[in-house]
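The values are calculated or read from the model by the stated rules, or taken from the named source; none is laboratory data. Values in this document were obtained by computation on a predicted structure and should not be read as measured data. Glycine gets a Cβ as well: all are built from the backbone with ideal geometry, and neighbour counts include every protein chain shown. With ligands, DNA and RNA removed, areas are computed over all heavy atoms of the protein, side chains included. Shrake-Rupley method; radii C 1.70, N 1.55, O 1.52, S 1.80 Å.
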Amino acid sequence: MTPQNNRAMAKSATAQGRAAAIASSITAASRDASLLDHEKEFRASDDDALFEQNLNSSNNSEEDPNLSADVTAKSTTMNELATPYHYVPLEMGGNGRTHKSTVASTALIQEIGGLPTLERMTTHFYNNAFLDSTLDNFIRSHGDPHAKRFSRWIHQKLTPVRELTGSSVWDEERASRSGRPVTVANGHTIVVHDRSSAHVAAWHSPKRPDHEVGRHFKLDECRVWMRLHFWAMRVIVGDSSPSFTDYYIRFIGHFISVYEGTAPTFARDSARWSADQKNTQEYIDNGRTMNDVLGLSLGQALSQIPQDEADDTCWPHEM
C-alpha cells in the first residue's frame, strides 16, 4: 500500500470518526429535546405548576409593608391562643383548579413549628423512601437535597406570598441550584429546576427497569408514597396540631391528582395506615414492600376503603 493510500485511509477514518461523533451528539440532543418536551407537556397539564411558574416570575414586586404588618399581628394572636382543632378549607383559584395559600394555612405551619418541623418530616419520609422497594427506583440519587427541597416547597405553598413571613424559601433554594444537567436513563440529561422537571427525572430514573422508563406514577405507587409521607407526618407532627393534619391530608389529596386521577380517593386511607403499628411492622418485615396494595386493579383498591370514601367524588374540595 502506497503512502498516499495510507494518508487517504487515515483521513477517511478521521472523517468517519467525526461523523460518528456528530451523529452521536445529534442523537443525544434529540433524546434530551424529547425529555424536555415531556417536561413541558407535563407542566402544561398541571395548573398548580403553571401557577407556581407565573408566581415565581412576578415575585420581584415590592411588598406592601402595611399588609405584612397587619397579617403578622393576626398571626401572633393565633399562635398565642394555641387553638384546638378548627377546620381550614382548601382555598382554590384558577377556575377552582389551583391551590391558594391563606392566612389560615400559614397559621397551621406556625402551629407545628414552621420550616424546621417540615424539614424533619420530609427527612423522615425520604429516609424511608430510600429503603422502599417501590419508591427508591424513582430516586436517581440519594445525594440530592430532597428533604430540603420538599420542605421548602410545602412551606411556600402554604404561606401566601407577601404575607406573614412572605415565604420564598423554595424559590430561593431553586435559585441556588447549579443548573447542571443530571444524567437519567438511556443517556438522557435533564436540568432539575422545579417540581415538574423533578418528576420527569423520576419517571426516567436509571434505577427503573427498561420497560418502565418514562412511565408516570400509577395508583399503587401513589398509595405507597402517601402512606410513607403521612407516616412521617404522624411521627414528627403527631397530635400537636390536628388542624394541620386534617388540612395537610387534603392538601396532598389535591396535589397528587395531577399524577394519578384516582389517587385522591385513597389519601385518607393512606393517612390511617400508619396509625396501626402492625401495618408498619408488617411492611418492614416484608422487605419494605407494600404487598397489600401493589398490583391491584382500581376495583380491588376501592374495595379496601370505606364505601363513603370510595363514592365521594368531591373530596378534598368543597362541594
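Miscellaneous remarks
- Failed item, numbered, when Trp170 is tested on (1) closer than 26 Å to Leu294 by Cα; (2) free of Cβ contacts under 8 Å to residues at least 24 places away in the same chain; (3) assigned to a helix (DSSP H, G or I): (1)
- Every residue from the range 262-303 that is outside any helix (DSSP H, G or I), open to solvent by 80 Å² or more (accessible area, probe 1.4 Å) and not small (Gly, Ala, Ser): Asn291
- Residue among Arg97, Arg174, Arg140 that alone is under 17 Å from the mean Cα position of the chain (by Cα), at pLDDT below 95 and open to solvent by 50 Å² or more (accessible area, probe 1.4 Å): Arg174
- Hits in the range 109-132 (condition: open to solvent by 50 Å² or more (accessible area, probe 1.4 Å) and of a type in the set (Ser, Thr, Tyr)): Thr123
- Among residues of the range 94-108 that are free of Cβ contacts under 8 Å to residues at least 24 places away in the same chain and on the phi > 0 side of the Ramachandran plot, none has a beta-carbon under 7 Å from a residue that is open to solvent by less than 30 Å² (accessible area, probe 1.4 Å) and not in a loop (DSSP other than H, G, I, E, B) at least six positions away or on a different chain.
- Those residues of the range 222-236 which are open to solvent by less than 10 Å² (accessible area, probe 1.4 Å) and either in contact with a strand residue (DSSP E or B) (Cβ under 6 Å, 6 or more places away or on another chain) or β-branched (Val, Ile, Thr) (or both), in sequence order: Val224
- Filter result for Thr106 (open to solvent by less than 40 Å² (accessible area, probe 1.4 Å), more than 16 Å from His199 (Cα to Cα), part of a helix (DSSP H, G or I) and modelled with pLDDT of 95 or more): no
Quick grid of which residues meet (1) outside any loop (DSSP other than H, G, I, E, B); (2) aliphatic (A, V, I, L, M); (3) closer than 21 Å to Pro206 by Cα:
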{"residue": "Tyr85", "(1), (2), (3)": "no, no, no"}
{"residue": "Gly113", "(1), (2), (3)": "no, no, no"}
{"residue": "Pro116", "(1), (2), (3)": "yes, no, no"}
{"residue": "Met121", "(1), (2), (3)": "yes, yes, no"}
{"residue": "Asp132", "(1), (2), (3)": "no, no, yes"}
{"residue": "His155", "(1), (2), (3)": "yes, no, no"}
